[in-house]
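First up is the structure itself, then whatever we jot down about it.
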Amino acid sequence: MSTSTIEAQSDITAAVASARDHLLALQDGRGWWRAELQTNVTMDAEDILLREFLGVREIEPTERSAAWIRSQQREDGTWANFHGGPGDLSTTIESYWALRLAGDRPEDPHMVIAADFIRSQGGIPQARVFTHLWLALFGLWSWDEVPALPPEVSLLPRWVPLNVYDFACWARQTIVALSIVKAHRPVHALPFDLQELMVDGRTAAERATPRRTVSRRGIALAVLDRAVRVYERHPFAPLRRIALARAEAWVVRRQEADGSWGGIQPPWVYSLIALQLQGYPIDHPVMCRGLEGIETFTVEDQDDAAGVGAPQGRSRRLEACQSPVWDTALAMVALSDAGLDHGHPALLAGARWLLGEEVLVRGDWAQARPALAPGGWAFEFENVNYPDVDDTAEVVLALLRVGAARSVAGEDGAVGARELSAAIDRGVAWLVGMQSSGGGWGAFDADNTRTLVRELPFLDFGEVIDEPSADVTAHALEMLGALGQGDSAAAAAGTRWLLDQQEAGGSWYGRWGVNHVYGTGAAVPALVAVGLDPAEPPIRRAVRWLERHQNTDGGWGEDPRSYDDPLWVGRGESTASQTAWALLALHAAGERGRAVERGVAWLISHQRADGTWDEPQYTGTGFPSDYYINYHLYRLSFPLMALARCMHALEPGEGEQHDGRVARRLAGIRARSG
């Protein structure tokens with residue numbers, strides 16, 4: 001073997017070892033991994049507004065939150081929804097308003113430039129409905145101009161269109177709570193108004209314009225909205241009392257053990273407001289758990305310790321969600337790829353913790369699948385109401401990596417292979433039972449596909465149904481393939497569905513990650529795992545798409561604007577996670593050529609001294625077009641997976657040493673990585 005081959009192989013080996021060691025060091029003593037989920041400052045602004053409304057806002061925490069919000073303002077005065085994105089009107093309004101509560105003055109330079117932007121975009125009337133609702137809570141917008149959302153919706157049976165189970169779980173929890181808020185129409189007066197954000201003397205209704213294209217169904221729903229708003233002002237009292245009681249009980253029943261609702265910010269915040277309006281005092285156990293739980297989602301920072309652009313001094317920011325189950329499963333797969341033995345203590349501890357997180361109660365998913373036994377895993381520490389297909393698939397893949405171990409050790413003893421196998425079997429049975437009728441899988445519900453709800457005037461922000469997606473379906477298929485069930489009826493139906501979703505150019509749309517790079521990075525390994533020959537046309541088209549969209553620096557990147565503008569599809573600054581997704585697909589497709597070499601070289605050359613990678617870009621998706629996430633562990637787990645798999649694939653085998661092809665490839669990696 002040539003010297004250049006040995007040196008290049010050493011580079012990959014060293015990169016894998018460095019990333020592996022860094023990831024191992026991040027494991028919590030209880031077995032899990034978790035890194036920050038960073039989102040936009042709407043979370044922090046609304047946290048200040050929530051505390052003001054509930055009467056629990058304190059000066060010092062407000063100042064720390066305000067410091068974080070100020071640090072994220074861009075030079076043009078705006079706040080964006082993702083790193084490098086355009087200024088967002090509603091996010092800027094809410095940030096400006098929160099800073100007013102924190103004591104910033106309208107004449108302060110950073111406030112003046114923010115107000116200029118807001119007015120240039122049409123001012124407050126052009127904001128989204130949810131911003132208008134927050135403004136109405138404080139008397140800064142008329143409740144009459146907030147679209148209808150009566151609590152009577154909670155009384156509709158499942159077979160009636162627009163019942164609460166037509167909505168995705170995240171939207172469902174939000175609208176039930178907000179229907180209570182809307183029924184009360186509260187006003188918490190402030191010592192200031194926001195007239196500086198108004199544009200002219202026209203009425204708000206005259207100045208507001210639709211934020212989306214309106215279909216015939218949308219026009220019909222707009223007419224219905226006007227009729228229901230009339231009813232909201234003069235509801236039938238007995239029915240309203242029944243509806244409020246039903247909605248209240250529905251909300252209380254779904255509070256999680258950590259005080260959250262679904263482990264996510266929107267229903268959590270609105271549920272606390274709704275219950276206070278229903279008469280729950282701040283010291284009520286439900287309210288106490290809710291407020292205390294928010295503190296566990298708060299990152300207290302000192303001098304930008306995490307390197308996220310926080311200011312010097314003390315600041316605080318709020319996570320919209322936490323991802324320990326997801327992070328732990330991905331970390332275990334990555335470490336296994338990197339060569340950790342299935343009996344390694346870190347993998348065993350991770351498996352032991354994951355087994356304790358299995359969801360064995362029936363949640364909202366049972367509305368569509370009443371005969372299905374519970375099983376599976378959720379995303380968060382506490383979320384028994386909403387396990388999801390994506391996490392369940394990834395956890396099973398992780399547990400399979402330790403399946404050969406004789407036992408899974410824990411502080412309270414060992415868990416035998418029988419318990420491990422039983423948990424996997426329950427998870428697989430639940431996941432297969434959650435397959436939608438068309439063959440694909442959604443994240444939290446089966447057959448949650450009634451698109452009518454998307455056109456409700458109230459819901460102009462974020463996805464509101466949980467229809468099957470290519471990436472979730474791909475992860476389910478990858479799991480079935482790993483179990484040797486690639487020829488099962490569920491896998492066959494899922495494979496047909498996934499192949500039908502391939503875009504004309506060869507990629508797949510990414511619902512939960514940005515975007516076509518993520519979807520393609522999930523779909524190709526899954527299809528190969530269930531038995532599709534890499535030489536088949538769908539795989540070849542995907543490979544060509546990835547090769548065409550590789551950046552000149554060797555990496556891959558895709559900007560979140562690709563959800564709105566086709567010109568951004570497959571385009572963006574190279575990132576570690578997106579480069580890794582592309583490499584995982586190419587590796588699964590059997591590619592070992594120049595595209596793989598260049599991608600590996602990019603990862604090696606951009607690795608930090610501590611073994612991880614910088615990634616300020618947001619490569620996770622909450623709601624396409626509206627809401628994005630920077631998963632701080634993506635920049636480590638996925639590159640480690642990709643490098644480890646490519647390292648093994650590029651290792652010279654018998655006979656390959658003699659023709660020089662592998663030597664040249666590995667030498668090229670070293671040369672390109674500098």
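Rule-based calculations on the coordinates, nothing more; no lab input. Predicted, not measured: the structure shown is a model, and the values here were computed from it. Ideal geometry is used to build each Cβ from the backbone, glycine not excepted, and the neighbour counts take in all protein chains shown.
Averaged over residues, the count of other Cβ atoms within 10 Å places the peptides 104-110, 511-517 in the sequence 511-517, 104-110, highest first. Of the residues Arg70, Arg352, the one with the fewest other Cβ atoms within 10 Å heads the list, and the complete ranking is Arg70, Arg352. Shown is the FRET efficiency for Ser215 and Arg608, computed with R0 = 41 Å from the Cβ-Cβ distance and rounded to the nearest 0.05: 0.25. Sequence-distant contacts, meaning Cα pairs under 8 Å at least 6 residues apart, place the relative contact order of the range 83-239 at 27 percent.
When peptides 433-444, 588-599 are ranked by their average number of other Cβ atoms within 10 Å per residue, the highest-first order is 433-444, 588-599. When +1 charges are put on Lys and Arg Cβ atoms and -1 charges on Asp and Glu Cβ atoms, the dipole computed for the chain relative to its Cα centre reaches about 1480 debye. So if I take the centroid of the Cα atoms in the range 577-626 and the same for the range 446-473, what is the distance between those two points in Å? Measuring centre to centre over Cα atoms gives 29 Å.
If I stretch the segment between His110 and Val160 completely, what's the gain in nm (0.36 nm per residue apart, minus their alpha carbon distance), one decimal? Before the final figure, lay out each step's value.
Values: separation 50, 0.36 × 50 = 18.00 nm, distance 4.94 nm.
Separation in residues times 0.36 nm, less the Cα-Cα distance, equals 13.1 nm.
Since only Ala274, Ile59, Ser90 are under comparison, the one whose Cα sits farthest along the positive direction of the charge dipole of the range 38-318, derived from C-beta charges on Lys, Arg, Asp and Glu, is Ala274.
Potential lengthening of the chain between Ala189 and Arg233 amounts to 13.7 nm, from the contour at 0.36 nm per residue minus the alpha-carbon distance.
Footprinting exposure proxy ranking of His83, His587, fewest other C-beta atoms within 10 angstrom first, gives His83, His587. For Val164, what charge total do you get from the other residues with a beta carbon under 14 Å from its beta carbon, if Lys and Arg give +1 and Asp and Glu give -1? Its environment carries a net charge of 0. Where the centroid of each part is defined by its Cα atoms, how far is the range 484-533 from the range 67-123 in Å? After rounding, the separation between the Cα centres reads 41 Å.
Counting only Cβ charges, +1 for Lys and Arg and -1 for Asp and Glu, the dipole size of the range 312-383 around its Cα centre is about 260 debye. Mind giving me the FRET efficiency for Ala489 and Arg362? R0 is 25 Å, r the Cβ-Cβ distance, nearest 0.05 is fine. Using R0 = 25 Å, I get an efficiency of 0.50.
Taking neighbour Cβ counts within 10 Å as the exposure measure, how do Leu24, Leu567 sort from fewest upward? Numbers along the way, then the final one.
Working: Leu24 17, Leu567 10.
Ordered from fewest to most neighbouring Cβ atoms within 10 Å, Leu24, Leu567 come out as Leu567, Leu24.
Ordering Gly440, Ala334, Gly363 by the projection of their Cα atoms onto the charge dipole of the range 323-452, which places +1 on the Cβ of Lys and Arg and -1 on the Cβ of Asp and Glu, puts Gly440 at the extreme positive end. From the square roots a ≥ b ≥ c of the eigenvalues of the alpha-carbon gyration tensor of the range 463-586, which class results: rounded (a/c under 1.5), prolate (a/b over b/c), or oblate? Prolate, since a/c reaches 1.5 and a/b exceeds b/c. Compute the label zone of Ser437 within the range 359-377: residues whose backbone N is under 19 Å from the point 7 Å along Cα-to-Cβ. Label zone hits: 365-372. Overall, the anisotropy analysis places the range 38-318 in the oblate class: the square-rooted eigenvalues a ≥ b ≥ c of its C-alpha gyration tensor yield a/c not less than 1.5, with a/b not exceeding b/c.
Of the residues Phe138, Ala243, Val299, the one whose Cα sits farthest towards the positive end of the charge dipole of the range 38-318 is Ala243 (charges of +1 on Lys and Arg Cβ, -1 on Asp and Glu Cβ, taken about the Cα centre). Computed on the chain, with alpha-carbon pairs under 8 angstrom and 6+ residues apart, the relative contact order is 17 percent. Net charge dipole, the range 597-636: roughly 80 debye, given to the nearest 20, about the Cα centre with Cβ charges of +1 for Lys and Arg and -1 for Asp and Glu. In this structure, Arg592 and Ala306 have a Cβ-Cβ separation that, at R0 = 30 Å, corresponds to a calculated FRET efficiency of about 0.25. Need one word for the chain: rounded, prolate or oblate. Basis is the Cα gyration tensor (sqrt eigenvalues a ≥ b ≥ c); a/c below 1.5 gives rounded, then a/b vs b/c decides. Because a/c hits 1.5 or more and a/b exceeds b/c, the chain counts as prolate. Derived value for the range 293-371: Kirkwood hydrodynamic radius 16.1 Å. Basis is the mean of 1/r over every pair of different alpha-carbon atoms. Length available on full extension from Leu26 to Val223: 0.36 nm per residue minus the Cα-Cα distance, which gives 65.5 nm.
Given the DSSP H assignment, sum -39500 (n - 2.57) over each helix run of at least 4 residues in the chain and divide by its residue total; what's the result at 222 nm in deg cm²/dmol, nearest 500? Helices in the chain give a 222 nm mean residue ellipticity of -15500 deg cm²/dmol.
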